[in-house]
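Asker: Take this structure first; my questions come after.
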Amino acid sequence: MKYEIKPCVEEDEDFIEEKLDAFCYSIVPPEEGAKDEDIVFKITDGEGNIIAGCIMEIESWKFACLFTLWVDEKYRGKGLGSALIREAEKTARKRNCYAMIIGTFDFQARPLYEKHGYKMCGITKDFPR
């Protein structure tokens, strides 16, 4: 049998995700009434400009993932990142999440996350190069 690997279009991506979800849920069903969702928070200045924000994904197994958190350089060190983390945690608790993980690179905000009680659970060495 001949096989081809091709780039996907968006509908293909949805199909693949649905197939993987169906397999996973057949083994470990999602929490009742739960669904995957992205929750986005932003902080704006007095003129409405976005100066910080984060994206948290809540998985249907009630697991929160915060991999995107950004604060404009001139506003760093003023507590905005901490405020976003606290808001994400509060929202995860309201949605009855069991855990929350955060991802970061060495040059990003690891000390900020550790200040909030997060512990390193894995390292990918030499990435990005």
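Asker: Could you compute how fast the chain diffuses translationally, taking Rh as the Kirkwood radius over C-alpha pairs and applying Stokes-Einstein at 37 °C with viscosity 0.692 mPa s? Give it in µm² per second. Before the final figure, lay out each step's value.
Answerer: Numbers: Rh = 17.2 Å.
Calculated translational D: 191 µm²/s.
Asker: Sticking with this structure for a sec: Hand me the chymotrypsin sites (Phe, Trp or Tyr not before Pro) from the range 77-129 located in a DSSP loop with no more than 13 other Cβ atoms within 10 Å, in residue order please. Write out the running numbers ahead of the final one.
Answerer: Values: sites: Tyr98, Phe105, Phe107, Tyr113, Tyr118; in loops: Tyr98, Phe105, Phe107, Tyr118.
The qualifying sites are Tyr98, Phe105, Phe107.
Asker: Now a separate question. So between Cys24 and Tyr75, what do we pick up on full extension, going 0.36 nm a residue minus the alpha carbon distance? Walk me through the numbers before you get to the answer.
Answerer: Values: separation 51, 0.36 × 51 = 18.36 nm, distance 4.14 nm.
That pair, Cys24 and Tyr75, stretches by 14.2 nm at full extension.
Asker: Could I ask something else about it? Between their Cα atoms, which of Lys35/Lys94; Lys62/Lys94; Lys42/Lys115 are more than 19 Å away from each other? Walk me through the numbers on the way to the answer.
Answerer: On the way: Lys35/Lys94 14 Å; Lys62/Lys94 11 Å; Lys42/Lys115 21 Å.
Where the Cα-Cα span goes over 19 Å, the pairs concerned are Lys42/Lys115.
Asker: Could you provide, to the nearest whole Å², the per residue accessible area of the chain with probe 1.4 Å? Before the final figure, lay out each step's value.
Answerer: Values: 10210 Å² over 129 residues.
I get 79 Å² per residue for the chain.
Asker: Whole angstrom only: what separates the Cα centroid of the range 1-44 from the Cα centroid of the range 77-106?
Answerer: For the range 1-44 versus the range 77-106, the Cα centre distance is 23 Å.
Asker: Another question, if that's okay. Based on the Cα gyration tensor of the range 90-129, what are the three equivalent ellipsoid semi-axes, each the root of five times an eigenvalue, rounded to whole Å and given largest first?
Answerer: 24, 11, 9
Asker: Lys and Arg at +1, Asp and Glu at -1: add these up for the other residues within a Cβ distance under 15 Å of Lys74 and post the number. All intermediate terms of the calculation are to be shown ahead of the outcome.
Answerer: Values: positive: Arg76, Lys78; negative: Asp45, Glu47, Asp72, Glu73.
Summing Lys and Arg as +1 and Asp and Glu as -1 gives -2.
Asker: Grab the beta carbon distance between Ala83 and Trp61, set R0 = 25 Å, and tell me the FRET efficiency rounded to 0.05.
Answerer: Values: r = 27 Å, r/R0 = 1.08.
The value I calculate is 0.40.
Asker: With each label point set 7 Å from Cα along the Cα-Cβ vector, what nm distance links Glu47 and Met120?
Answerer: 4.0
Asker: Measure off, as a whole percent, the carbon and sulfur share of the 1.4 Å-probe accessible area of the range 31-129, all protein chains present. Numbers along the way, then the final one.
Answerer: Values: 3560 of 7060 Å².
Whole-percent figure for carbon plus sulfur exposure: 50.
Asker: Name the lysines eligible as straight-distance cross-link partners of Lys2: C-alpha to C-alpha under 25 Å, and not fewer than 8 places from it in the same chain.
Answerer: Correct list for Lys2: Lys19.
Asker: According to a simple spin-label model (label point 7 Å from Cα along Cα-to-Cβ), what is the distance in nm between Glu31 and Glu11?
Answerer: 3.4
Asker: A further question on this structure: Quick check: pseudo-label points 7 Å beyond the Cα along Cα→Cβ at Val40 and Phe105, how many nm apart are they?
Answerer: 2.2
The values are calculated or read from the model by the stated rules, or taken from the named source; none is laboratory data. Predicted model only: the values in this text are computed from it and were never measured. A quick note on method: Cβ atoms are made from the backbone with ideal geometry, for glycine too, and the neighbour counts reach across all protein chains shown. Please note that ligands, DNA and RNA were not included when accessible areas were found on the heavy atoms of the full protein model with its side chains. Shrake-Rupley method; radii C 1.70, N 1.55, O 1.52, S 1.80 Å.
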